[in-house]
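Here the structure comes first, spelled out in structure tokens, and everything after it is commentary.
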Amino acid sequence: MVMRELRVNAVELLRQPGLVKAVAVAVPGKELDVVHEGLAGDISIDLELHALNDGVAVSGRVVAPWKAACRRCLRDLSGEAVADVHELYQVELLDEDASPIVENQIDLAPLARQIALLELDTEHLCAEGCAGLCPVCGVDRNMTTCSCDVSVKD
């Protein structure tokens, strides 16, 4: 049922340049075919479709909650991957960056899926200056120091 909201009838929009249609849904990752160990909830899709003379401009945001470990110290982290959307759909592709309107429909699911997967693949740090774990004894160097020799030898 939710996936139906991501398929928009372009005929209505193309008949009335200037018309704006809002699409706001929360979709489970499985329904979008987003399989990622970091996904921690539904993917929020909040878009506006603006009818133009030669197509439909889509703008808005895709937000995916995530959980991951810091890549240096392995501390548990969570947050939201937020991506701004700026896409153009056209029946006749006049712009090289435009996506096609197929059978008078704009399917926003592939767009949301691609954006969510790209944003979820970002590696995370607990802090920019995270010192990580000691490669010798494994102590968290953010919390304590150790006297291990970590110099690189040939």
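When you restrict to C-alpha pairs under 8 Å that are six or more residues apart and normalise by the size of the chain, the relative contact order lands at 21 percent.
Return a whole-number percent for the relative contact order of the stretch 54-126, with Cα pairs under 8 Å and 6 or more residues apart as the contact set. Walk me through the numbers before you get to the answer.
Working: 110 pairs, mean separation 26.4, N = 73.
Relative contact order comes out at 36 percent.
Net charge near Ala131, counting Lys/Arg +1 and Asp/Glu -1 over other residues with Cβ under 13 Å of its Cβ? Value of the local net charge: +2.
Please report, in debye to the nearest 20, how large the charge dipole of the stretch 1-55 is about its Cα centre when each Lys and Arg carries +1 at its beta carbon and each Asp and Glu carries -1 there. All intermediate terms of the calculation are to be shown ahead of the outcome.
Working: 5 positive and 9 negative charges, 49 e Å.
Here the stretch 1-55 has a charge dipole of around 240 debye.
DSSP bridge analysis restricted to the chain gives an antiparallel fraction near 95%, rounded to the nearest 5. Can you work out the PRE-style zone for Arg75? Point 7 Å along Cα to Cβ, and I want the residues of the stretch 115-139 with backbone N under 13 Å. Residues 125-133 qualify, since their backbone N sits under 13 Å from the label point. For the pair Val102 and His50 in one chain, pulling the backbone fully straight at 0.36 nm per residue adds 17.0 nm over the alpha carbon distance. A probe of 1.4 angstrom, applied to the heavy atoms of all protein chains, finds His86 with accessible area near 140 square angstrom.
Between Pro100, Ala131, Leu111, the Cα set farthest toward the positive side of the dipole of the stretch 95-153 (charges on each charged residue's Cβ, about the Cα centre) is that of Ala131.
Evaluated at q = 0.23 Å⁻¹, the base-10 log of the normalised Debye intensity for the stretch 8-95, with identical point scatterers placed on the Cα atoms, takes the values -1.07. Only Cα sites of the stretch 105-154 enter the Debye sum here, all with the same form factor; the resulting log10 I(q)/I(0) across q = 0.21 1/Å is -0.82, listed in q order. Residues whose amide H comes within less than 5 Å of that of Trp66, counting only those at least five positions distant or on another chain, are Ala40, Gly79, Glu80, Ala81 (H built at 1.01 Å from N in the peptide plane). Other residues whose C-beta falls under 13 angstrom from the C-beta of Lys67 contribute a net charge of -2, scoring Lys and Arg +1 and Asp and Glu -1. Here the chain is treated as a Stokes sphere of Kirkwood radius computed over C-alpha pairs; at 37 °C and 0.692 mPa s its diffusion coefficient rounds to 181 µm²/s. The coefficient of translational diffusion for the stretch 44-125, derived via Stokes-Einstein from the alpha carbon Kirkwood radius under 25 °C and 0.890 mPa s, stands at 171 µm²/s.
How large is the accessible surface of Cys126 in square angstrom, using a 1.4 angstrom probe and rounding to the nearest 10? Surface open to solvent at Cys126 totals about 40 Å².
Against the main long axis of the alpha-carbon atoms of the chain, helix 109-120 sits at an angle near 20°. Straight Cα distances below 17 angstrom link Lys67 to the aspartates and glutamates Glu37, Asp42, Asp76, Glu80, Glu119, Asp121, Glu123, with same-chain residues fewer than 8 positions distant left out.
The values are calculated or read from the model by the stated rules, or taken from the named source; none is laboratory data. This is a predicted model, so every value here is computed, not measured. Using ideal geometry, Cβ is built from the backbone for each residue, glycine included, and neighbour counts are taken over all protein chains shown. Just the protein is used for accessible areas: all its heavy atoms, side chains included, with ligands, DNA and RNA removed. Shrake-Rupley method; radii C 1.70, N 1.55, O 1.52, S 1.80 Å.
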